[in-house]
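Structure first, then comments.
Read-outs throughout are calculated quantities, based only on the coordinates presented, and are distinct from any laboratory measurement. Keep in mind it's a predicted model, so treat the numbers as computed, not measured. With ideal geometry, Cβ positions are generated from the backbone for all residues, glycine too; neighbour counts draw on all protein chains shown.
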Amino acid sequence: MAGDQISRTAIYFVETGKAKPSMETLRLISERTGRPLEFFLAQPAEGNPAMYAGTAELERLIASGALTEVVATGERVLEQRLDPDTEARVRHLVATAQLRLGQPVVGRRLAAAARAHFERVGDLLMTAECLCSEAQGAYLMQDPSALSLAEGALTTARSLKVLPPSTEFRLLGTLAGVHATNRNWPAAIEAYQASIAAGDSIHDLRRLSLTFSGLSLAYQELGQINQASRYSQRALAIHETLNDRISLARSENNLGLLLVRVGEPASGRPHLERALRLFEEAGLTGRSDVLLSMSELEFTQSNFAKAAELARQALSLAVEEAAVGRIADAHFWLGRIAASEGRDEAADAECATAIGILEAAAAVERLAQAHAIYAEILEARGDLSGANRQLRHALAASRPGPHASDTRAATA
């Protein structure tokens, strides 16, 4: 903040209320925080300093991890008469807590309401923050609009003269998470690494742990197991230190799945069981993801009946969570299981259902992978013609636009 134009001591005195800044200093603070000058000149709502104290208290509770208390306190504050700016800030803070509690529908709605105000008053930084929260809610719901929201947040923030490194770190991390949800692993890794390079990630240990967890998953999917394991262990260490149960549950799931895929299902099982237990204890959205991981574990050990039971449980939960991607994944696992049991008609029906869901959601990266998976199932069955047809569909899905008609020649 101080840079080379204001002394650190002067900033400290302003922060602690021991001095008021000159107009020149205030303009620099305004520029470097991305907030309009009027934000610092505004009087507290209806002359009541308690209103601003309330938002500071919510920020303190978020920093300390008291998320349920944030929600309860925020709801009480919103029942009072607030000026529009304070109301929007409270909504955004409560949205942040709801998202961390695994409640994407409520969190996304609150963030959208807050964004409407910040857009009206021209507060670009807070507009970007709200878009970021909306993107987080969307990708937790596996809504394809998450990508455009995350990109919009980053574009908005970068239109500022000076973008705080902590904000860029968060926005890039969210964009990386969206790419990971869409299974665009190279783009996810690029965004995660850019997030770390944006600066001062060590001061936000929670988000740094999520970044490590995301990198672990991305490298795992690309088959780079050593990198995946290294980042997974880093993420778990920070989660344990912070006692972040939600993030810990997700990282335990990632590590368990990693061990299953490298041929160590016995080592992976305790991690998956712990992940499921943590999700159940906290009542979190996302349990279907762990159930799918456990279904994959049973499948690798040829326990097809148990794998199918877990996949059906995951499907039921994913429908409740409105998680489009996981609904499709559950159908695909049921298709794989049916194919392994020689039930070809059932396998075809499950794969067709999954592909139809992804087509309707316009989930491009997932759709390309879906056709490729179905091609593997058909090839294993000996249906080479059907497998080639699915590969052409996969190529077409991965190359939308005017060149899609060239897929036959490209496949050849």
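The mean sequence separation of alpha-carbon pairs under 8 Å and at least six residues apart, normalised by the residue count of the stretch 208-303, gives a relative contact order of 21 percent.
Note on the chain: helix-only mean residue ellipticity at 222 nm, from DSSP H runs of 4+ residues weighted -39500 (n - 2.57) and normalised by residue number, equals -25500 deg cm²/dmol. The angle between the Cα long axis of helix 124-140 and the main principal axis of the chain comes to about 30°, on a 0 to 90 degree scale. Would you compute the Debye intensity of the stretch 163-234 from its alpha-carbon atoms alone, equal scatterers and no solvent, and pass along log10 I(q)/I(0) at q = 0.28 Å⁻¹ to two decimals? Treating every Cα as an identical point scatterer, log10 I(q)/I(0) equals -1.24.
In terms of overall dimensions, the C-alpha atoms belonging to the chain reach 78, 48, 40 Å along their principal axes, ordered largest to smallest.
Each label point was placed 7 Å from the Cα along the Cα-to-Cβ direction; for Ala63 and Phe13 their separation is 2.3 nm. Normalised by the number of residues in the chain, the mean separation of alpha-carbon contacts (under 8 Å, six or more apart) gives a relative contact order of 8 percent.
Across the stretch 208-217, rounded Karplus estimates of 3J(HN,Hα) from the backbone phi angles (6.51 cos²θ - 1.76 cosθ + 1.60, θ = phi - 60°) give 4, 5, 5, 5, 4, 4, x, 4, 4, 5 Hz, Gly and Pro being marked x. Seen from a random direction on average, the alpha-carbon convex hull of the stretch 172-278 projects onto 6.1 square nanometres. Stokes-Einstein, applied to the Kirkwood radius of the stretch 300-412 over Cα pairs at a viscosity of 0.692 mPa s and 37 °C, places its translational diffusion at 226 µm² s⁻¹. In plain terms, the bigger the Kirkwood radius, the slower the diffusion; for the stretch 34-163, with that radius from Cα pairs, at 10 °C and 1.306 mPa s, Stokes-Einstein puts D at 106 µm²/s.
Rounded to the nearest 20 debye, the dipole size of the chain about its Cα centre is 580 debye, using +1 on the Cβ of Lys and Arg and -1 on the Cβ of Asp and Glu.
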